[in-house]
1. Taking the Cα centre of region 180-228 as the origin and placing charges on Cβ (Lys, Arg +1; Asp, Glu -1), which of GLY206, GLY217, VAL192 is farthest toward the positive end of the dipole?
2. Treating cross-link reach as a plain straight distance, find the aspartates and glutamates whose alpha-carbon is under 14 Å from the alpha-carbon of LYS184, omitting any fewer than eight places away in the same chain.
3. Count charges around PHE70 for me, please; just the other residues with Cβ under 12 Å from its Cβ, Lys/Arg as +1, Asp/Glu as -1.
4. Starting with the highest mean, order 143-155, 102-114, 74-86 by the number of other Cβ atoms within 10 Å, averaged over the residues of each peptide.
5. Among rounded, prolate and oblate, which fits region 101-207 when a ≥ b ≥ c are the square roots of the eigenvalues of its C-alpha gyration tensor, a/c under 1.5 means rounded, and a/b larger than b/c means prolate?
6. Within a Cβ distance under 12 Å of GLN168, other residues only, what is the Lys/Arg minus Asp/Glu net charge?
Amino acid sequence: MCHPVIMEYVKGKALSRRDLFRGSAAAGAAIVASAALTPRPVLAQEANRAIDLTYTLTHDFPTYFGEQQFFDEDVFTYAEHGFNLKMLRVNEHTGTHMDAPLHFTDGGTSIAEVQVEALVCPLAIVDLQEKADANPDAQVTPDDLKAWIAKHGPFPQGACVAQNSGWQKRMGSPRFRNADDEGKMHFPAFHVEAVTMLLEEADVAGIGVDTLSIDYGLSADFITHYTWLPANRWAVENMANLDQMPPTGATLVVGAPKHQGGTGGPCRLIALL
């Protein structure tokens, strides 16, 4: 979800709200930000199977702004040249992809600078399906996080905390973007108070959603982005197959691209069980 014209507008709108968190979330995040992307212990268990949490990137993959963001062109073909080769053109924030801290910061960590150790981490799944079925504008709240902790214990150090809203069943239809007659989208994501809690009370590296954005569809200021990413954390959006994941016990491997100055990029997500 990246568009130069929109982002200039949104950045100005969100600055005043972001200032509200400087005494709480941002201050707490600053204490642990330097450690957020440092090496972490991976779950000490042998994987029995691997599950792909990645959607196939296609020309018509749904995007935040509703426009095509992935293009490919045949440059060489086997019939004519004896081998196949395509030229790709893609918006960094298309399909299953990562948001690097640089996406919503001035001079923050680029996707090429995220330490590889931070990209192999425990995966914690917060089940939001019942709430999302009742209300597409539902958000992961501190109460949802507290309920997870009460049942499973503290979030593992360096983990990725991801929501499973069941949104995957909408893929392939306009209900994935879920825009109303006024063009406003309705899909679940993380409430700013939930990511503030993670910054202040946990030590996790990333968050993930099975929807288009870590801010819910009706967000007008991207406050979750502006709170989470400047704390030197990363996020993954459009995660697939979360219905196959247990709430805890899996290891996530984020196959992020590594291009200079990148604000994010399509990635291959693999869960090891």
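Only the coordinates and a few stated rules stand behind these numbers; no lab work does. Being a predicted model, the structure only gives us computed values, none of them experimental. Ideal geometry is used to build each Cβ from the backbone, glycine not excepted, and the neighbour counts take in all protein chains shown.
1. GLY206
2. Of all the aspartates and glutamates, those that pass the test against LYS184 - Cα under 14 Å, at least 8 places apart if same chain - are ASP137, ASP215, ASP221.
3. Numbers: positive: LYS86, ARG89; negative: ASP60, GLU67, ASP72, GLU73, GLU92.
Every neighbour counted, the sum reads -3.
4. Details: 143-155: 14.7, 102-114: 18.3, 74-86: 10.2.
In descending order of packing, they fall as 102-114, 143-155, 74-86.
5. Numbers: a/c = 1.95, a/b = 1.29, b/c = 1.51.
Oblate shape, in that a/c is at least 1.5 and b/c is the bigger or equal ratio.
6. Values: positive: LYS169, ARG170, ARG175; negative: ASP210, ASP243.
Computed value for this residue: +1.
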